[in-house]
Amino acid sequence: MEEWIIWMMEQFGYLGVYALMAIENLFPPIPSEVILPLSGFMSVRTDLTVTTVVIYATSGSLTGSLLLYGIGMSISKHKLEEWVDRYGKYLRLTKTDVNKTFQWFENYGYWAVFFCRMLPLVRSFISFPAGMARFSLIPFLFLTFSGSLIWNTALIYTGVVLEDSWRDIVLYMKVYSIWTYGIITAVAFLTIWWMRKGKGVRLWR
């Protein structure tokens, strides 16, 4: 994958960085944890400038996020409730769960959109529920841009500082990702358990 990312940057320069970050938001297996430090490293060894790389990377993040936001917008709450009515019994989901989710996003959406931009995997998908919940577009753009700018700048400048050792940060980010996935899984499990407990239903039978 590293060779392909390098090829994209060598062939297309800033547009390659932009495209990679837009794709990364839609296809998480292409990780920003590799793209961004490598972009910083490339800015030292090529004619690319760090500031412009940050701008294009963040613009790519915003573009990918907007596409997912738009897909989320195309799915109405009514359609989701219809889907839950039809298939929710297999997952033990009800309309109440849907309403609770939308209510949660209404209460904490600002924090979620901003901070999730700095979490592996979640940063790619947070735009989708934001669209479904009809999160206001202007705040969404501002918070997505701000969170992405912080994340992108930190990793790009890390690549600049480390230069040939930029792969070191990738190793650390893999550990960070593993811990993040573990915490997300635990939180999801506890949330499901709490919801089932509140309904007086056992999670296991």
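Other residues within the sphere of radius under 14 Å centred on the Cβ of Gly64, judged by their own Cβ, net out at +1 (K and R +1, D and E -1). A simple packing score, the average count of other Cβ atoms within 10 Å per residue, orders the peptides 131-141, 69-79 as 131-141, 69-79, with the highest score first. Taken along the Cα-to-beta-carbon direction at a fixed 7 Å, the label points for Phe27 and Met73 span 2.5 nm.
Backbone geometry of the stretch 124-138 corresponds, through the Karplus equation with coefficients 6.51, -1.76 and 1.60 at θ = phi - 60°, to 3J(HN,Hα) couplings of 7, 9, 4, 5, 5, x, 4, x, 4, 7, 6, 4, 3, 5, 4 Hz, x marking Gly and Pro.
Sorting 3-15, 33-45, 146-158 by average packing, meaning the other beta carbons within 10 Å per residue, from highest down gives 33-45, 146-158, 3-15. In this label model, Thr63 and Phe115 are separated by 3.1 nm, measuring between points 7 Å along each Cα→Cβ vector. Subtracting the Cα-Cα distance of Glu81 and Thr46 from 0.36 nm times their residue separation leaves 7.4 nm of extension gain.
Read the figures in this text as sums done on the coordinates, not as results from a lab. The model shown is predicted, which means the values in this text are computed figures rather than measured ones. Using ideal geometry, Cβ is built from the backbone for each residue, glycine included, and neighbour counts are taken over all protein chains shown.
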